[in-house]
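Following: one structure in structure tokens, then a few remarks.
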Amino acid sequence: MLPELKDCHLDHVAIAVSSIEARIKVWQDLGFVFSPEREIVQEQGVKTAFAPIDVHGHIELLEPLNAESAIGKFIAQKGEGIHHLCFKVSDVKAKQMEMQAQGYKFIYSEPKLGAGGCLVNFIHPKSTGGVLIEISSGRDHA
Ligand code: ZN
């Protein structure tokens, strides 16, 4: 048995896709089972689809609602692919302050409401060697 990471575990791997319905097959063919619901997060201009990986982790497909959204711009610049990794922490604000004190830059000055009603913030990829890292309070439902 591997020990649980202290106060931090993988919540989801987010993948930018131009069309959820076109790309979901890859993951379904691997064996992932997606919830039939598609969540629209208007504020972020995305449609999302979730499938569990294990008790904690999910695959999240992110489809832009328009070209001006962050995911729309990401796909225009870099193409489809892995967009960010999200780790669940017990206290998003506390973790943000702890990491900011060490010089890490965050995208938002305060945690925001994300998909599934969780509080989230993102560590800027310039602080992490190119990886966009989301920290989240986690989803209430599995
Ligand atoms: Zn995410």
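Do you know which residues across segment 75-111 are in contact with a Pro (Cβ under 8 Å, 6 or more places away or on another chain) and touching a residue at least 40 places away in the same chain (Cβ under 8 Å)?
Within segment 75-111, the subset in contact with a Pro (Cβ under 8 Å, 6 or more places away or on another chain) is 75, 92-93, 96.
Result: Ile75, Val92.
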Any chance you could count how many residues in segment 16-62 are under 20 Å from Lys112 (Cα atoms) and part of a helix (DSSP H, G or I)? 3
Would you check which residues across segment 66-96 are more than 11 Å from the ligand (Cβ to nearest atom), in contact with a Ser or Thr (Cβ under 7 Å, 6 or more places away or on another chain), closer than 18 Å to Thr48 by Cα and not in a loop (DSSP other than H, G, I, E, B) and list them? Ile75
Of all residues in segment 97-142, which are surrounded by 15 or more Cβ atoms within 10 Å (Cβ to Cβ), aliphatic (A, V, I, L, M) and in a strand (DSSP E or B)? Leu119, Val120, Ile123, Ile133, Ile135
Applying the selection to segment 47-62, what residues are within 13 Å of the ligand (Cβ to nearest atom) and in contact with a Gly (Cβ under 9 Å, 6 or more places away or on another chain)? Thr48, Phe50
Restricting to segment 80-111, name every residue that is touching a Leu at 6+ places or on another chain (Cβ under 8 Å) and over 24 Å from Ala16 (Cα atoms). Lys93
Going by the structure shown, is Tyr108 more than 14 Å from the ligand (Cβ to nearest atom) and hydroxyl-bearing (Ser, Thr, Tyr)? no
Ala101 - would you say it is of a type in the set (A, V, I, L, M, F, W, C) and farther than 20 Å from Leu10 by Cα? yes
Tell me which residues, restricted to segment 54-96, are surrounded by 15 or more Cβ atoms within 10 Å (Cβ to Cβ) and of a type in the set (Val, Ile, Thr). Ile59, Ile71, Ile75, Val89, Val92
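Given the structure, is Thr48 surrounded by 11 or more Cβ atoms within 10 Å (Cβ to Cβ) and out of contact with any helix residue (DSSP H, G or I) (no Cβ under 7 Å at 6 or more places or on another chain)? First the steps, then the outcome.
Numbers: surrounded by 11 or more Cβ atoms within 10 Å (Cβ to Cβ): yes; out of contact with any helix residue (DSSP H, G or I) (no Cβ under 7 Å at 6 or more places or on another chain): no.
So Thr48 does not fit the description; no.
None of the figures in this text is laboratory data; all of them are computed from the coordinates on show. Everything numeric in this text was worked out from a predicted model, so none of it was measured. Cβ sites come from the backbone with ideal geometry, for glycine too, and all protein chains shown count toward neighbours.
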